[in-house]
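Working notes, structure below.
Please treat every number below as a calculation from the coordinates, not as lab data. What you see is a predicted model; the values in this text were computed from it and never measured. Here Cβ is always computed from backbone atoms with ideal geometry, including for glycine, and neighbour counts include all displayed protein chains.
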Amino acid sequence: MTGAGYGLRAGSAWASRLAADRRLRAGDPAARRALLARAERFAQVLDLAVAIPGTGRRVGLDALLGLAPAVGDAIGAALGGIVVADAWRNGVPAAVVARMITNLAVDAAIGSVPIVGDVADVFFQPHRRNLDLLRRHLGPRADR
């Protein structure tokens with residue numbers, strides 16, 4: 001099925017994404033790898049993009065967004081929500097998705113506290129945690 005039942009043109013990006021979602025639910029290893037690859041890209045950009053010299057710690061766009069009062073943490077949570085929605089759409093169990101949402105909510109709540117939240121963004125990295133949850137759920141067969 002090309003997604004025609006969803007009002008999508010055959011060959012469109014959304015139609016191919018829908019087909020990939022169906023393959024993941026069916027246990028297709030390539031679809032599992034694609035989901036993990038998307039989550040890894042988000043975790044890299046949002047949590048691990050830049051090394052802090054002399055500390056061994058890495059931060060990403062999420063920590064930088066957190067410096068903007070009020071809207072920064074909301075934007076970071078919304079970006080993380082893309083991976084959560086992707087996981088849900090791909091058949092990841094509700095319990096795993098709930099933990100992923102909790103990670104984002106905790107980060108947004110802590111991040112809303114001035115200064116303390118900015119420091120906490122260096123240590124609490126919800127996008128990396130969500131990637132770890134997906135890796136545990138999808139198992140070693142997705143890494144191949």
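Quick look at the numbers
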read-out	value
Fewest-first sequence of F123, F42 by Cβ atoms within 10 Å of each Cβ	F123, F42
Residue order, fewest to most surrounding Cβ atoms within 10 angstrom, among S112, S12	S12, S112
Label point distance in nm, I52-V106, each placed 7 Å from Cα along Cα→Cβ	1.8 nm
Computed lengthening from R89 to V113, 0.36 nm per intervening residue step minus Cα-Cα distance	5.4 nm
